[in-house]
Amino acid sequence: MTEPKARKSIREISPIDVYKLLPKTNCGECREANCMTFATRVVNGELTVEDCPPLTHSKYQADHGKLQELMRPPVRAVTFGTGATAVRIGGKYVLYRHEFTYHNPTPIALDVADYMAKEEIASRLKTIGSFAFNYIGRTLRLDAVALRSTRQEPAAFASLVQDVAGQTDLPLVLCACDPAVMAAGLELVKGRRPLLYAATRENWKEMAELALQYQCPLVVSAPHDIPGLRSLARTLAEYGVSDLVLDPGTSAEPRLAETIYGFSQIRRSVFQQHDELLGYPLLGAPISAWLTPELSPDVVRWKEAWLASLLLSRYADLLIVHSVEGWVLLPQLVWRFNVYTDPRKPVSVDAGVRTFGSPGRMAPVLITSNYALTYFIVENDLKSANIDCFLIVADTGGNSVESAVAGRYLTAQSIASALEDGKMADLVDHRHLILPGLAARLSGETEETSSWHVMVGPRDSSGLPDYLKSSWPPKEV
Ligand code: SF4
């Protein structure tokens, strides 16, 4: 048996490899300066091959195909839903995030089921649609709805699908293992490209027919049986279903270790053994925590929460959960945000001058970095203390104050420029700037470079209210 051939990893693809296959006309239709710039951004994962419109012309057909193959991620990307709320899952280029970056943050789908009363369904849909949390300037939300058939009755499932489809535009996951039940629900939302759950050893042919007829992606399920999952994926791919999602099985205790090992084993097979038959997005089902009998529902919720976090860390590209409690969901959304933040780019906010409260002409002028976490901590401390002031957000390349000083992203010269660019001398009648304590060593040089007196503030912005009470206005103003 021959070993599967290794494709070039994303880190081995150079902009020249991409450039050679582009039209090389520098037409600008991609809004880039030229084809080489475009190629560089494609290799960086910031643009895709499809962002070059001329590639769709017939004369570039061959090169377009080669480019698609060159840039195809080892874990294929699959989209379900339509329009603005559609979600793309998978599309992973690397096993470990720090090797490049992870694309397509894991969507979280909450379930509704055909045993639930209409009021409960409406209430859960309202929670799913309205759940939002602002985290360092980004709004974190839930992404999809999983509709479960528990009664195995086509009419009951159709009624559930109809009810839900009328109340939400979010992408849908239809969960029914009986093809007749699935068909009854699918017919009602055939234009919304739902994800179908699931093809098994027993029903794969009927499910494949539905997926092909309605052009929907299909989940393949073989719990805790990787060879069986691989074999089913091969069968379905050969049958013509190209958009597949793998369900390797999720269990809380007593098969937790097996669950995490299974997810990890599949991903390692893709990236280390180049196994293309396992190169599909993975579905994790923390909802399975509810299958374990527990005395307290809160214990089950707690299990579901840590199961979701574990799966987010270990390669799940889509999660189905049941709990609607904020203390279960919020940690997942924050953890997802952090896992999917591009490690090559610090999370930053726009540089510039921010106004807090109603600052007069004698209001304090402070400065901080444009690292998002730093900025929002400072903002929160200023707002909660009702401080009227001006805050200069310096462009430190998204670095925190301490790193920016060490890396010379924040210097006396850049502070002087920020004061000038923000026209601070026109906004206040004094010339006193409060530096963060962590940038204290720039104080002397900043005084020499700018015409401003420098005051050294606290190292932590939580100390600003007390500091200002004791130090503002300065005696010499
Ligand atoms: Fe080059 Fe395509 Fe961009 Fe035109 S649209 S500049 S051909 S990459």
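Quick notes
- When residues of the range 96-108 are limited to those that are open to solvent by less than 10 Å² (accessible area, probe 1.4 Å) and within 14 Å of S309 (Cα to Cα), the one nearest to the chain's Cα centre (by Cα): T106
- Of the strands (runs of 3 or more DSSP E) lying entirely inside the range 383-467, those carrying at least 2 residues that are at pLDDT 95 or above and buried (at least 20 other Cβ atoms within 10 Å of the Cβ) are 389-394, 432-435.
- Candidates E304, E294: the one that is among the acidic types (D, E) and at pLDDT below 95 is E294.
- Output for the range 338-381, where each listed residue is basic (K, R) and not in a loop (DSSP other than H, G, I, E, B): R354
- Selection from the range 278-326 of residues that are of a type in the set (A, V, I, L, M) and outside any helix (DSSP H, G or I): L282, L283, A285, L295, A316, L318, L319, I320, V321, V324
- Residue list for the range 190-237, filter: β-branched (V, I, T) and under 21 Å from A285 (Cβ atoms): T200, V219, V220, I226
- For the criterion of being more than 29 Å from the chain's Cα centre (by Cα), modelled with pLDDT under 95 and either within 16 Å of the ligand (Cβ to nearest atom) or part of a loop (DSSP other than H, G, I, E, B) (or both), K5 passes.
- Those residues of the range 14-29 which are open to solvent by less than 70 Å² (accessible area, probe 1.4 Å), within 19 Å of A62 (Cα to Cα), more than 6 Å from the ligand (Cβ to nearest atom) and in a loop (DSSP other than H, G, I, E, B), in sequence order: L21
- Strands (runs of 3 or more DSSP E) fully within the range 170-233 that include at least 3 residues being in contact with a Cys (Cβ under 9 Å, 6 or more places away or on another chain) and open to solvent by less than 30 Å² (accessible area, probe 1.4 Å): 195-199.
- Among residues of the range 91-103 that are touching a residue at least 12 places away in the same chain (Cβ under 8 Å) and more than 16 Å from E12 (Cα to Cα), those with a beta-carbon under 8 Å from a residue that is charged (D, E, K, R) and open to solvent by 40 Å² or more (accessible area, probe 1.4 Å) at least six positions away or on a different chain give the pairs G91/R76.
- Residue ID - most open to solvent (accessible area, probe 1.4 Å), chosen from residues in the range 56-95 that are of a type in the set (F, W, Y) and more than 14 Å from the ligand (Cβ to nearest atom): Y93
- Residues considered: T56, T25. Of these, the only one that is of a type in the set (S, T, Y) and over 24 Å from G91 (Cβ atoms) is T25.
- Subset of the range 30-55 (residues that are within 25 Å of the chain's Cα centre (by Cα), outside any loop (DSSP other than H, G, I, E, B) and within 8 Å of the ligand (Cβ to nearest atom)): F38, A39, D51
The values are calculated or read from the model by the stated rules, or taken from the named source; none is laboratory data. Bear in mind that the values here come from a model prediction, so they are computed numbers and not experimental data. All Cβ positions, even for glycine, are placed from backbone atoms using ideal geometry, and neighbour counts span all protein chains on display. With ligands, DNA and RNA removed, areas are computed over all heavy atoms of the protein, side chains included. Shrake-Rupley method; radii C 1.70, N 1.55, O 1.52, S 1.80 Å.
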